[in-house]
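*Asks:* Pasting a structure here, questions to come.
Please treat every number below as a calculation from the coordinates, not as lab data. Predicted, not measured: the structure shown is a model, and the values here were computed from it. As a convention, Cβ positions derive from the backbone with ideal geometry for all residues, glycine included, and neighbour counts pool all protein chains shown.
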Amino acid sequence: MAADKSTALDLGAAVCFEDGTGQGMRPPKGRTGARRGQRPTVRVRGSSRGRVSLAGVRCCRPGHRPRMFFRPHVHHGRHREPKTFTWREYRDLIVDTHQQLGTPLVWVWDNLNVHLQQEWFDFAAGHQDWLRIFHLPSYAPELNPVEHLWSLLKRHLADFAAADLAHLTRAIKRKLKKIQYRPHLIEGCLAGTGLIIEPPTDTTSST
């Protein structure tokens, strides 16, 4: 981050980037080992209205290994069922992340409508001792390292024909848990954004 942006350093906080994605029953397209001209057929339940939404958090703090947390939201297509995360579910994710890390948080995410609700300003104002919330510039997904985590997930799900939503949810959780135990993958996602989150180097010397 910019050298003059010292909020995280002043608080001794972890910088947490959040981003969301979703996956329906129709899998992402990927390359196969079929011969040219012999396109394989993958049967899926494309008519299913179900969808798995995901909220992922990539946390970093100088001197500590990077961490990644996630939370799924399964939409079965039922009447009046929330299709995606509510602000309360995001709030619970922030609180859980704070408890897991045991440190103040500088929370960074995009300008999704639910992220701009008045409840967030009230919540942040009531927890200034451990929480600061910042929004990324509009239309700048390349600045969010979680986007690269989703790329790894989509690559894993390419041409994956899930039997039902429960099967799809298990496959997603299994892949994300594997990423959680591979710090080099989480670290590499930040490198892909070009951002550097390190404390400023003291260039002064005593005489």
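*Asks:* Shape of the stretch 71-207 from its Cα gyration tensor (a ≥ b ≥ c, root eigenvalues): rounded if a/c is under 1.5, otherwise prolate when a/b > b/c, or oblate?
*Replies:* It is oblate, given that a/c is not under 1.5 and a/b is not larger than b/c.
*Asks:* To make sure I understand, if each residue's beta carbon is the centre and we count other beta carbons within 10 Å, what order do Cys16, Cys59 fall in, fewest to most?
*Replies:* Lowest count first: Cys59, Cys16.
*Asks:* Another question, if that's okay. Under 13 Å from a point placed 7 Å out from the Cα of Gln100 along the Cα-to-Cβ direction: which residues of the stretch 67-87 have their backbone N that close?
*Replies:* 67-72
*Asks:* Related question: 7 Å from Cα along Cα→Cβ at both Arg26 and Ala163: what's the point-to-point distance in nm?
*Replies:* 2.4
*Asks:* How do Met25, Met68 line up, fewest other C-beta atoms within 10 Å first? Kindly include the intermediate steps, with their values, before the conclusion.
*Replies:* Working: Met25 20, Met68 24.
Final ranking by Cβ density, sparse to dense: Met25, Met68.
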